[in-house]
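The values are calculated or read from the model by the stated rules, or taken from the named source; none is laboratory data. Just so it is clear, the structure is predicted and the values come from calculations on it, not from any experiment. In this analysis, Cβ positions are derived from the backbone assuming ideal geometry, glycine residues included, and neighbour counts consider all displayed protein chains. The area values use the complete protein model at the heavy-atom level, side chains included, leaving out ligands, DNA and RNA. Shrake-Rupley method; radii C 1.70, N 1.55, O 1.52, S 1.80 Å.
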2 protein chains.
Amino acid sequence: MPEILRTVGSIARALDSIANREFQQVSLTKGQYLYLARVAEHPGIIQERVAELLKVDRTTAARAIAKLTKLGLLEKRADPQNKKIRRLYVTASGADIYPLVKRENDYSNAHALRGFTSDEASQLADLLARVDANVAQDWYDVKSGKQREY
Amino acid sequence: MPEILRTVGSIARALDSIANREFQQVSLTKGQYLYLARVAEHPGIIQERVAELLKVDRTTAARAIAKLTKLGLLEKRADPQNKKIRRLYVTASGADIYPLVKRENDYSNAHALRGFTSDEASQLADLLARVDANVAQDWYDVKSGKQREY
DNA sequence: GTACTTTTGTTGTATTTACAACATAAAATT
DNA sequence: AATTTTATGTTGTAAATACAACAAAAGTAC
């Protein structure tokens, strides 16, 4: 069984460091770019769902989103049907910054795939999507308190 | 150009959450398992090198290793040739815990690859290794202060 | 051999992150 | 309809993480 965990971790941390450095230019602190991008791409999403997309703790997402809201990049709107949830949207300022985030992401993605044929790249994307689905299941289980058995 | 960044990030965060939960049982706090494993597998490594393997900041690695040393799981030894560096080794207690870390890693890796043929799995590993090499280059550049040009 | 640069390590500080515990609306069960 | 369970959100707290700035040993260039 080949090892993929560590390689995935290494790639993810490297890309995240790079992105965080880059976004200091627009006064985004660590990790904030993730939330801004997800809300921009899923208008009306609620924070619980953002946490699941990103696989971060609910309270982490809550605080990141609270901060972005305070900074005026995101806004929360009440839902007419459901008094519990608050739907998320980018503000005008958020919409100004989003293209920078998108551009950096695209650039990093392209660089990560340097030397790949388009067949190889789409093969990789497919395989990763399957891994993601597998791992998401385990993540939900563990987050909801299930005990692992070896 | 297919998207792999986000999928990689999602997989990495999910696996890391799961591992961190698991290792609370042996009183390892967030991220510590990474350092213990790397030192166990590279006896005599220095912390600068550990940071590069993991793609974390030097000071983060320094503090994590300091803590593991204080906990008695790792030890630092002087090098006879070089007064600046401190070589890292697992202690007896560290060696006791390492197999648990290894087992969890192997288990998670196997679960992440559920439903993969061995051809698919090794193909994925190869493609990821290439991405890792690409991204490592960018990481070194950014960490050493190089400016990106779009 | 002296000056300069790089490597390795540390400390101060601001910030994110996660867990636990709580609150309340919504949904499901009886 | 009342009760129980789940979903969503918040706050308190402990800890990791990264950047900036510093120190000192090692390596390099003249």
From the residues in the range A:92-127 that are over 12 Å from B:PRO2 (Cα atoms) and of a type in the set (Asp, Glu), which one is farthest from the other protein chains (Cβ to nearest Cβ)? A:ASP96
Kindly establish whether B:ALA125 is over 16 Å from the mean Cα position of the chain (by Cα) and under 25 Å from A:TRP139 (Cα atoms). yes
So, of the residues in the range A:128-150 that are facing chain B (nearest Cβ under 9 Å) and in a loop (DSSP other than H, G, I, E, B), which turns out to be most open to solvent (accessible area, probe 1.4 Å)? A:TYR150
Which of the residues that make up the range B:21-40 are modelled with pLDDT under 95 and more than 12 Å from DNA strand C (Cβ to nearest atom)? B:VAL26, B:SER27
Looking only at the range A:52-63, which residues are among the aliphatic types (A, V, I, L, M), under 18 Å from A:ALA136 (Cα atoms) and open to solvent by 20 Å² or more (accessible area, probe 1.4 Å)? A:LEU53, A:VAL56
Would the range B:72-80 turn up any residue that is farther than 23 Å from B:SER27 by Cβ, crowded, with 17+ Cβ neighbours inside 10 Å and either within 19 Å of the chain's Cα centre (by Cα) or within 16 Å of DNA strand D (Cβ to nearest atom) (or both)? no
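Here is a yes/no grid of residues against (1) closer than 30 Å to B:VAL142 by Cα; (2) more than 9 Å from DNA strand D (Cβ to nearest atom); (3) open to solvent by less than 20 Å² (accessible area, probe 1.4 Å); (4) not charged (D, E, K, R):
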| residue | (1), (2), (3), (4) |
| --- | --- |
| A:VAL8 | yes, yes, yes, yes |
| A:ASP16 | yes, no, no, no |
| A:SER27 | yes, yes, no, yes |
| A:VAL50 | yes, no, yes, yes |
| A:LYS70 | yes, yes, no, no |
| A:ASN82 | no, no, no, yes |
Residue among B:ALA40, B:ALA78, B:ALA66 that alone is farther than 18 Å from B:ALA92 by Cα and aliphatic (A, V, I, L, M): B:ALA78
The number of residues in the range B:32-69 that are on the phi > 0 side of the Ramachandran plot and touching a helix residue (DSSP H, G or I) at 6+ places or on another chain (Cβ under 6 Å) is 1
Mind checking which residues of the range B:103-123 are in contact with a Phe, Trp or Tyr (Cβ under 7 Å, 6 or more places away or on another chain) and either among the aliphatic types (A, V, I, L, M) or open to solvent by 60 Å² or more (accessible area, probe 1.4 Å) (or both)? B:ARG103
The one condition in (1) exposed (fewer than 15 other Cβ atoms within 10 Å of the Cβ); (2) at pLDDT below 95 that B:ALA66 fails to fulfil: (2)
